[in-house]
Structures are given as C-alpha cells and as structure tokens.
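Bear in mind that the values in this text are calculations on the coordinates, not laboratory data. Everything numeric in this text was worked out from a predicted model, so none of it was measured. For neighbour counting, all protein chains shown are included, and Cβ atoms are generated from backbone atoms with ideal geometry for every residue, glycine included.
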Amino acid sequence: MIIAFGQFLEVLVSGLLAGVLYSLVALGFVLIFKASGVFNFAQGAMVLLAGLALVRSLDFLVANGLPFWAAIIAALLFAALIMAITAFLVERFVLGPLINQDGLTLFMSTIGVTFIIEGGAQMLFGSDVYPLRLFPSDAWFLFEGSFPGGLLVSKIDVWGGMIAAVLVVGLAVFFQQTKTGRALRAVADDHAAAQSVGISLNWIWFIVWLVAGLVALVAATVWGTKLGVQFSIVFLALKALPVLIIGGFTSVPGAIVGGLIVGAGEKLAEAYLGPFIGGGIEYWFAYVLALVVLMARPQGLFGERIIERI
Amino acid sequence: MRAPDGPPVTSGDVLLSIDNVSLSFGGVKAISGVSFDIRKGEIRAIIGPNGAGKTSMLNIINGFYHPQQGIITFKGEARSKMRPHDAADGGIARTFQNVALFRGMSALDNIMAGRTLKMKRNMFWQMLRIGPALAEEVEHRHRVEEIIDFLKIQEIRRTPVSRLPYGLQKRVELGRALAMEPELLLLDEPMAGMNIEEKEDMSRFILDVNEHYGTTIALIEHDMGVVMDLSDRVVVLDHGIKIADGTPQEVKSNQAVIDAYLGVAH
Ligand SMILES: Nc1ncnc2c1ncn2[C@@H]1O[C@H](COP(=O)(O)OP(=O)(O)OP(=O)(O)O)[C@@H](O)[C@H]1O
Ligand SMILES: [Mg+2]
C-alpha cells in the first residue's frame, strides 16, 4: 500500500515537472496569440534556435578558456540577443507588412517563418545533438523514512520547475506593473483603442515576440539539459497544441495548468493504464484529453467564452 | 512626426485644417473633396445623415485611414500617412462610436492606459515599484483620480468595464481620452443610446472640459438639440460631400441641410 502510494507520488511529481516544459512552450504561444491574434506555429522552432545559440556559444566560449560561469552568462546573453534579432526581423519583414490581414494568412506566414528559423538555426549553429550541462542531471531520493527506497525526484526537473516559477512570477509583475505590460494587455483587448492612446502595434508585436523568444530560451535550457539540444525539440511544439486546447488559447494560467495536466496525465496513464493496453500512451494521451475537453468546453478550461454575435 | 515646438497655437487660431480631402474604399466614395478647419478652443460639430462619412473623417484625423487625396495640417504642420499612435503623441485623443474599451480591465486601469504616453520611467524600475518609478506611478494615479472625480465615477472605478452599463462605459471611455490631456479631442457620438439625464450629464462634461481645460473638441452627434447647445460651429456632410458650414443657427436654416435630413432626392 505504502509502496503503491510512493510509486504514485513519484510518477505524479515527475509528470508535473515534465509538464512544466509543455507549459513554457504553450506560454510562448499564448503571449503572441493574445497580443496579436496570431497563432504562432514557429514557437517550437524558436526553442530549437534558442537552444542551439546557447549550447554552441557556450561550447565555443568554454573551448576558448572562459571560466564556466562567465561562459554561461555570456552564452545566455548571446542567445537572448539572437531571439531579439529574430523578433525584430519577424515583426519588420513578416507581420508588420501583413498588418490587418486575416488570421489564416498570418498563421500561414508563421509556418513559413518556422522553416526559415529551423533552416537558419541549423545552418548557423549546426545540426547534431549537442549536450547541454547547466543543471545537475542526477536525482534526489526524498522521504526515505516514509517510503522504502525513497521518492526519486530528478534534479533537472526540479530546476526546471523553479526556473519556470520565477519566469511566471516575473511575467506577471511585468504585465501588472509596467507601462509596457499594461500596453500589452490593452492591445490584447482592443487594437484600435490601444492605438488611439498612443500604443504602437509594431512595437508591441516586437515586444511579444521578444518575450516569447525569451520564454523559448528558458524552455531550451531545461529541455536541452534533459535530452541534449537537437532537432526533435521542435516536436515539443506539437505537444503544446493539446495543452492550449485544454487550457484555453488566451489564458496564461491556462497554459501553465494545461501543461501540468498533460504532463502528469500522460505519465500516470502510461504507468497505470500502459500495462493493460500495451504502452505507448504518452504519445497520444494528450490529444485524446484535448478532444474530450474540446467537446465539453470548447474554449478550454480557462479560456474566455466565445460568443458569436449575430 | 511630433508637431514642431513652434509658437503655441493660441485661442481662435486654426488648430487643424482639412483641405480637399477624399477617401474611398474600393468603389465606395466615403469622402469627396471635403475642406474645413477646427479652431483652437472651439467645439466643432460634424453632423450628417447615416453613412455621410463623419466617422471616416475622424478616422482620417487620428490616422486610422489615409486619404487618397488632400492635405491635413495639424498645429501648422502638414502631415502625410500619420499613424494613430503618432497622432496620439501629437495631442489627439478620441472616443469611438461603438465603445472601444479594454474589456479585461477595470475602469481605473482603462483610464490609466490613457497615461501611457506620459509615462517615461524605465521598465525595470516600474517592475520593482521603487524610486522614481514609484513617484511617477503615484503622480499619474493622482491625475487619474482627478478625472474619475470629475466624471463622477468613483464608485465604479474598480469594476471591470465589461460589467458596466452602456452609459457608464461611454463615460469611462471619455475619461481615458481625457487622461491623455489632449489638445484636440474627437468624440464620435458620445451620447448615442443614452437617456435624457445621461445626455445632460455628458453635455455638462463636454462643456466643462472645453471651458476649464481649453480643450478643442470635434463632436459627432445626431441629437440636434445637443449640437445646437454645445457647438460653436457646425460642418454638415452628406454622402461624403460637405453641404454646409457655419454657426448652428446658419446651418439650421440652410435649405441643403434641411433637404438632406428630410431625404430629398439629389
Ligand atoms: N472600413 C470601411 N470599409 C469599407 N467601407 C467603409 C469603411 N468605413 C466606412 N465605410 C463606408 O463609408 C461610408 C461612410 O461611413 P461612415 O462610417 O464614415 O459614416 P457615418 O457618417 O459615421 O455614419 P453613421 O452616422 O451611421 O455613423 C459608408 O458608406 C460606409 O459604408
Ligand atoms: Mg459614424
């Protein structure tokens, strides 16, 4: 009984912490979607770009004799700069010129952006698997007194959880306290009214793409430490889609909770249902869950009710 | 595209002039060769039947639409392709015909958003709420509270605007425009859908803003009584063409205006 409960806790915690990554990617989507109504297909590609820029510049700096901590700081700044340049280019040459076009056009344009970022990132930084070691990769064994063998909790996952928490708090403060944060909320509510009080849409779009780029960078540090920075990161973005459907496309808390639900849900399903139906549940569980939510609550758990005016 | 820091425009001078402006959407001519001006300190009404081009004219003035033809001169500077946030920066504020508030925010935050351009402090100080940023926030809150008192909406300042009745939403929207401390205030049917009492309040606010702050106002309004009471001069549009321009008395007795309102065939 105690062993079973310990096992359950272990699966739950590892699932929740893995879900943090889904939350981070979904968060990037939500930020851009709220502020510009653009469904940004390129979010996964941005995680790849950020990860490659980080790991390759880190390796380069360490190889050239910089102390590790200084190299990490410099590499993070370099990767952040790359994301800022990306945000600038996307706003300037893709979304800026397409202002006032309909959602589908903008969505298609982000598919184009995805291929350019994926190609560009690999051309600039290489296309191998690059291990990233920012966080310790071993595990803790907690509560060894209560559970035989203790609860196994991986340190990377805990780091990821803590960093995500700091990020979310930082974003919340940014949205609530700053002029730019208020302007972002204003644009999310009404483009015309926001412009009329002096907010430049182009500026705000640059800012949201920049913030989404920085969120992608955070996701890349955690993901990259877990599995190495490699192309398959882009498929992470596909997992964000069910997360968004579950949480709601316009809700920041929805993205976070949705990610946690998917993370915990798929791990639990794998552990407890897997043996009966042959495993592999992790790969489709999120989509089935999303489908169920879609039927019961089309706007997602936290999304605003969409009422069509007639 | 800020207006030059030349000699200040004094009362009675031309603040904004519209010169032979035309605007069309595909085949639809919304405005054809219209010219008029707005003088510093006046309340200028723009009237006309539905579809006359009044809202389009406001949209041109604050940069939402760019006319295919014509010149717009604001504070002595002719401008081309000004974007809405540049117009705001130059001192033009507005309200919308179909209330355009930030629905997710409280009345207070909506009005606070009107201070966007006045806030200069660095984002990092703002996040920490310390030092100069705190002083600045307090100062802006103070200005906003004055506006809230002026508009008599103290009780609803924390209410999400989507829950307010229409009349109060219009008032909050006016508050947001006032928070910008504009030189030129554009009001698109500020009294539409209001009852008599609400209309009287709104008229009072508009007159007070004009008198106490010296704000120049361009007002679109269908209620003729209100127009006669409030405005110094009236320009009348019909089917995108200017058909009359003068004092309320002159306009009222103008045959073309009477015909337009009675729907006489052209
Ligand atoms: N964005 C647009 N696209 C196409 N046509 C437009 C657009 N905006 C206005 N129009 C057209 O321009 C003409 C003038 O419209 P406008 O809204 O300026 O009239 P209005 O005088 O404000 O009318 P109302 O009193 O009904 O508000 C109308 O024929 C309208 O259909
Ligand atoms: Mg109109």
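For this structure, a couple of remarks:
- Taking all Cα pairs closer than 8 Å and separated by 6 or more residues, the relative contact order of chain B comes to 26 percent.
- For the options B:Glu145, B:Glu183, B:Glu42, a Gaussian network treatment of chain B with springs between C-alpha atoms closer than 10 Å singles out B:Glu145 as fluctuating the most.
- Packing-based exposure ordering (other Cβ within 10 Å, fewest first) of B:Met224, B:Met105, A:Met123: A:Met123, B:Met224, B:Met105
- Charge sum, other residues only, whose C-beta stays under 10 Å from B:Leu164's C-beta, Lys/Arg counted +1 and Asp/Glu -1: +3
- The HN-Hα couplings worked out from phi for the stretch A:202-213 by the Karplus form 6.51 cos²θ - 1.76 cosθ + 1.60 (θ = phi - 60°) are 4, 5, 5, 5, 4, 4, 5, 5, 5, 4, 4, x Hz, whole numbers, x standing for Gly and Pro.
- Estimated inter-spin distance, A:Ser146 and A:Leu98, nm [label 7 Å along Cα→Cβ]: 5.0
- The stretch between B:Gln68 and B:Asp232 holds 56.1 nm of extra length on full extension. This uses 0.36 nm per residue minus the Cα-Cα distance.
- For the pair A:Phe60 and B:Arg79, a Förster radius of 51 Å applied to the C-beta separation gives a FRET efficiency near 0.55, rounded to the nearest 0.05.
- Gyration tensor (alpha-carbon) shape descriptor, chain A, a/c threshold 1.5: oblate
- Partners of B:Lys29 within straight-line reach, counting lysines whose Cα lies under 20 Å from its Cα and excluding those fewer than 8 residues away in the same chain: B:Lys54, B:Lys81, B:Lys242.
- Relative contact order %, chain A, counting alpha carbon pairs below 8 Å whose residues are six or more apart: 34
- Cross-link pairs beyond the 24 Å C-alpha cut-off, checked among A:Lys155/A:Lys267; A:Lys34/A:Lys239; B:Lys75/B:Lys199: B:Lys75/B:Lys199
- Euclidean distance between Cα centres, the stretch B:188-254 to the stretch A:1-61, Å: 56
- Partner chain coverage, peptide B:58-70 - average Cβ within 10 angstrom: 1
- Around the amide H of A:Val229, modelled in the peptide plane, lie the amide H atoms of A:Tyr130, A:Leu132, all under 5 Å away and 5 or more residues distant in sequence or on another chain.
- The stretch A:1-115: relative contact order as a whole-number percent, Cα under 8 Å and 6+ apart: 31
- Reported to the nearest whole Å, the Cα centre-to-centre distance from the stretch B:44-59 to the stretch A:135-198 is 48.
- Kirkwood hydrodynamic radius (C-alpha pairs) into Stokes-Einstein, chain B, 25 °C and 0.890 mPa s, D in µm²/s: 126
- Placing a label point 7 Å from the Cα of A:Ile116 along the Cα-to-Cβ line, the residues of the stretch A:26-48 whose backbone N sits under 20 Å from it are A:29, A:32-33, A:36-48.
- Chain B: most fluctuating residue of B:Ile43, B:Ile220, B:Ile196 per GNM, C-alpha cutoff 10 Å: B:Ile196
- Rounded to 5, the percent of DSSP beta bridges in the protein assembly as shown classed as antiparallel: 65
- In the protein assembly as shown, inverting the average of 1/r over every pair of distinct C-alpha atoms gives 26.9 Å as the Kirkwood radius.
- Annotation: the residues A:Trp209, A:Trp159, A:Trp284, A:Trp69, sorted from fewest to most other C-beta atoms within 10 Å of their own C-beta, follow the order A:Trp69, A:Trp284, A:Trp159, A:Trp209.
- For B:Met105, distant residues with modelled amide H under 5 Å away: B:Val161
- Karplus-based coupling profile of the stretch A:62-68, in residue order and whole Hz: 5, 4, 8, x, 6, x, 4, with θ = phi - 60° in 6.51 cos²θ - 1.76 cosθ + 1.60 and x standing for Gly or Pro.
- Proximal aspartates and glutamates to B:Lys118, defined as alpha-carbon separation beneath 13 angstrom and excluding residues fewer than eight positions away on the same chain: B:Asp89, B:Glu136, B:Glu137, B:Glu139, B:Glu181
- Per-residue mean of foreign Cβ neighbours for B:77-89 is 3 (Cβ atoms of other chains, 10 Å radius).
- Among A:Ile73, B:Ile156, A:Ile204, A:Ile116, sorting on how many other beta-carbon atoms sit within 10 Å of each Cβ, with the fewest leading, yields A:Ile73, A:Ile116, B:Ile156, A:Ile204.
- Distance in nm between pseudo-label sites at B:Ser35 and B:Val14 (7 Å out along the Cβ direction from Cα): 0.8
- For the stretch B:147-154, putting each phi into the Karplus relation 6.51 cos²θ - 1.76 cosθ + 1.60 with θ = phi - 60° gives couplings of 5, 4, 5, 4, 8, 6, 10, 4 Hz, in residue order, rounded to whole numbers and with x for Gly and Pro.
- Only helices enter this figure: runs of n ≥ 4 DSSP H residues, each worth -39500 (n - 2.57), summed and divided by the residues of the protein assembly as shown, yield -18000 deg cm²/dmol at 222 nm to the nearest 500.
- A:Arg133-A:Phe276 pseudo-label distance in nm [points 7 Å out on the Cα-to-Cβ vector]: 4.4
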